[in-house]
1. Is it true that some residue in the range 156-173 is under 20 Å from residue 59 (Cα atoms) and touching a helix residue (DSSP H, G or I) at 6+ places or on another chain (Cβ under 6 Å)?
2. Condition first: touching a residue at least 12 places away in the same chain (Cβ under 8 Å) and closer than 21 Å to residue 177 by Cβ. Can you find one or more residues in the range 100-113 that meet it?
3. Inspect all residues belonging to the range 58-81 and state whether any of them is farther than 17 Å from residue 141 by Cβ and more than 21 Å from the chain's Cα centre (by Cα).
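No value in this document is a laboratory result; all are computed from the given coordinates. Predicted model only: the values in this text are computed from it and were never measured. Methodologically, a virtual Cβ is constructed for each residue, glycine included, from the backbone with ideal geometry; neighbour enumeration extends over all protein chains shown.
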C-alpha cells in the first residue's frame, strides 16, 4: 500500500512541477531534463524512383549540461507506403541542442529558436516496383527549430531537418529533408529529486 501511495505521490509531484509557473529561461538551465518526441515528419526523399510523403516518430530524452545546451539520446522509426513502394526507416543515436538566448533571436516571448544535430546508426529498407534496396550505416541530421511554450514546461515544436545516411547495403547513401512536428516536456530535475527524497524519508 505504501509503495502504491509513493508512486501516486511521485506522479502528482511530476504533474505539479510540469504546470507550476516558472520562467522559460529556468527550464533551459543546467541540470534540467527534456522528454518528448517528434510525432509527425513530413518531407521529401531524394532517392531515385522514390520521392514521396512520409510520417514517423522520434522519441528523445535529454539533459542540460549547460544553460541552453542539451545532449541526449534519440530513436527514429518511420514508415512510408505509396503505390508500388514501401519504405521503412530506423535509427538510434545521440543528439545535441543549442537554444538561442532571448537576446540573440526573439520572435515571441514564449518561443525559443534552437539548432539540433544528431548522429548514430541509421537504416532504410526500400522496395519500389519489386526492387529492394537498403542502406545501413552512419546517420547525421541537422537543422533549425522553434519551440513554442504553451505552458512554462511544455513546448510544441517545429524542426526543419536534413538527414543523410551513408554506409553499407546495395544503396550506399540516402538523404531527405523533413519538417518534424512534436512536443517536449521540460523538468527541473533538482526539484524532482527533492520530491523523491522526501517520499523516501516518509
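1. Quick first cut of the range 156-173, residues under 20 Å from residue 59 (Cα atoms) only: 156-165.
Then keep just the ones that are touching a helix residue (DSSP H, G or I) at 6+ places or on another chain (Cβ under 6 Å); that gives none.
No, because not a single residue in the range 156-173 is under 20 Å from residue 59 (Cα atoms) and touching a helix residue (DSSP H, G or I) at 6+ places or on another chain (Cβ under 6 Å).
2. Yes, that holds for at least one residue.
3. Within the range 58-81, one or more residues are farther than 17 Å from residue 141 by Cβ and more than 21 Å from the chain's Cα centre (by Cα).
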